[in-house]
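Here the structure is laid out as structure tokens; the discussion comes afterwards.
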Amino acid sequence: MTATQTNIGYVSQIIGPVLDVTFPSGNLPKIYNAVNVKNGDSIIVCEVQQLLGDNKVRAVSMSATDGLKRGVEVIDTGAPISVPVGQPTLGRIFNILGEPVDNLGDVDRTNTLPIHRDAPKFTELETTPAIFETGIKVVDLLAPYRRGGMAGVQQDVSQ
């Protein structure tokens, strides 16, 4: 398929956020590809998760599927969902599609990466131990977190 051709299918089954989509023979999208579903005036972005056979794929919607009907047109984007990366994204809040949800305006999308990609090589990782400063004095003093490690903070709200 060339860049000028589009791969168009249709929704054949809807179960909550999971859609089964039928495409023309031999033109199935790859796993993790984003597909756009036209739902009236809006577009629902879904991600292909499984190849079912019989020219069908199973996709998971990244937003609500309320009002979606069988037979609706689905367009394969030919690429996975990508999100902005780099300096403009620091301190911002994004949804799964890389759209800002913090009401601070649009973000520069010149540098994007797919949400599914290989982990960095071990040689590319920072190996020098460092402390992650939380800004909470008690935590930083009594139980400091290591930068790059996994940590969870939980608050008791039962009072």
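A short reminder: the numbers here are calculations on the coordinates, not readings from a lab. Keep in mind it's a predicted model, so treat the numbers as computed, not measured. Here the Cβ positions follow ideal geometry from the backbone for every residue, glycine too, while neighbour counts run over all protein chains shown.
Summary table below
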{"quantity": "Cα gyration tensor shape of segment 81-148, rounded if a/c is under 1.5, else prolate or oblate by comparing a/b with b/c", "calculated": "oblate"}
{"quantity": "Whichever aspartates and glutamates have a C-alpha closer than 12 Å to that of Lys38, once near sequence neighbours (fewer than 8 apart) are set aside", "calculated": "Glu73, Asp76"}
{"quantity": "Most mobile listed residue (Arg117, Arg146, Arg92) in the chain, GNM with C-alpha springs under 10 Å", "calculated": "Arg146"}
{"quantity": "Among Met62, Asn7, Leu51 the positive-end extreme of the charge dipole of the chain (Cβ point charges)", "calculated": "Leu51"}
{"quantity": "Among (1) 8.1; (2) 8.8; (3) 15.0, the entry that matches mean projected area of the Cα convex hull in nm² as calculated here", "calculated": "(3)"}
{"quantity": "Potential lengthening between Glu124 and Lys137 on full extension [0.36 nm per residue; Cα-Cα distance subtracted]", "calculated": "1.5 nm"}
{"quantity": "Value at 222 nm in deg cm²/dmol, rounded to 500, when DSSP H runs of n ≥ 4 in the chain each add -39,500 (n - 2.57)", "calculated": "-1000 deg cm²/dmol"}
{"quantity": "For the chain, size of Cβ-based charge dipole, Lys and Arg +1, Asp and Glu -1, in debye", "calculated": "300 debye"}
{"quantity": "Among Gln50, Gln13, Gln87, residue whose mean-square fluctuation peaks in a GNM of the chain (springs only between Cα atoms under 10 Å)", "calculated": "Gln87"}
{"quantity": "Highest-MSF residue in the chain out of Gly148, Gly16, Gly71 [GNM, Cα springs under 10 Å]", "calculated": "Gly148"}
